[in-house]
1. Residue 47 passes all but one of (1) farther than 27 Å from residue 188 by Cβ; (2) surrounded by 16 or more Cβ atoms within 10 Å (Cβ to Cβ); which number fails?
2. With (1) within 25 Å of residue 78 (Cβ to Cβ); (2) open to solvent by 40 Å² or more (accessible area, probe 1.4 Å); (3) aliphatic (A, V, I, L, M) as the list, and residue 218 as the residue in question, which single condition is left unmet?
3. So which residues in segment 157-177 are of a type in the set (A, V, I, L, M, F, W, C) and modelled with pLDDT of 90 or more, if there are any at all?
4. Quick one: how many residues across segment 66-78 are open to solvent by less than 10 Å² (accessible area, probe 1.4 Å) and modelled with pLDDT under 95?
5. So, residue 183, is that one assigned to a helix (DSSP H, G or I), open to solvent by less than 10 Å² (accessible area, probe 1.4 Å) and within 19 Å of residue 77 (Cβ to Cβ) or not?
6. For residue 89, only one of the following conditions fails: (1) touching a strand residue (DSSP E or B) at 6+ places or on another chain (Cβ under 7 Å); (2) under 17 Å from residue 135 (Cα atoms). What is its number?
7. Got at least one residue in segment 170-178 being among the polar types (S, T, N, Q), over 22 Å from residue 64 (Cβ atoms) and open to solvent by less than 50 Å² (accessible area, probe 1.4 Å)?
8. Restricting to segment 56-65, name every residue that is in contact (Cβ under 8 Å) with a residue 12 or more places away in the chain and either touching a Cys at 6+ places or on another chain (Cβ under 7 Å) or open to solvent by 30 Å² or more (accessible area, probe 1.4 Å) (or both).
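The values are calculated or read from the model by the stated rules, or taken from the named source; none is laboratory data. Everything quoted here is computed from the prediction, not taken from an experiment. Please note: Cβ atoms are built from the backbone with ideal geometry, for glycine as well, and neighbour counts cover all protein chains shown. Each accessible area value is taken on the protein alone, full model and side chains, heavy atoms only, with ligands, DNA and RNA left out. Shrake-Rupley method; radii C 1.70, N 1.55, O 1.52, S 1.80 Å.
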Amino acid sequence: MNNTILEIKDLNKHYGKREVIRGVNLSLTSGKIVGLCGPNGAGKTTIIKMIVGLLRDFKGEKRVNGDLVGSTSKAVISYQPDVEALNPSLTGKKAAVTYSEMYEDFDAGLLEDLFTKLKLESDLPIRKMSKGMREKFQLALTLSRKADIYIFDEPIAGVDPASRDSIMDTILSNYTQDALLIISTHLIQDIESVLDEVVFVNDGLITLHENCDDLREARNMSIDEIFREEFKW
């Protein structure tokens, strides 16, 4: 049975005269954990913003569950950007009210559980939180939805190795298991063990999309070693 949930065809994007995404084609299925991997500036974030509908003025086609990306797809994609994008006055309690109004798949009980696990105070506004607390807050919001697709853009960048493990454990323990989980990163070693598939992005192009086990067997190398070889200067 074809369980393709995300399909991209001939996607191109320009910023002025500069072409930043070039002829991207990608088909992903439900129930997979996919690493969207490439060096900084490769085009990962631009592709993600196009998938979630944040960028316009592009050529090509993007479909989620067979429908063109739009209001329907936004209702089934839970997205955590690579930068903080939350109102400084927002608290956990306010977020619960807002998300319950915005998303049918929002689970207030799960948000409360995540706040407890992550040792966050539901009455504390974001402006009074440390950087680490703000990252946990955003993580909890993203995971408090029962989405069809979860997209995390560089969730472990800029944090220490112990925190990376905690972030990945939190994601893997709380996302909907039959959903598509996309994790964008250049830190392959920290997520390789959980990936089903890997997509390499470089200079606005998808240079590789393979099943991880098949790729390791074919190259007799780890995904991290393959990444380092593919992207070395």
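1. Of everything listed in (1) farther than 27 Å from residue 188 by Cβ; (2) surrounded by 16 or more Cβ atoms within 10 Å (Cβ to Cβ), residue 47 misses just condition (1).
2. The one condition residue 218 does not meet is (1).
3. Within segment 157-177, 167, 168, 171, 172 qualify.
4. Here the count works out to 1.
5. no
6. (1)
7. Let us first name the residues in segment 170-178 that are among the polar types (S, T, N, Q), namely 170, 173-174, 176-177.
Narrowing further to those that are over 22 Å from residue 64 (Cβ atoms): 170, 173.
Now restrict to residues that are open to solvent by less than 50 Å² (accessible area, probe 1.4 Å): 170.
For segment 170-178, residues among the polar types (S, T, N, Q), over 22 Å from residue 64 (Cβ atoms) and open to solvent by less than 50 Å² (accessible area, probe 1.4 Å): present.
8. Result: 57, 58, 59, 60, 61, 63, 65.
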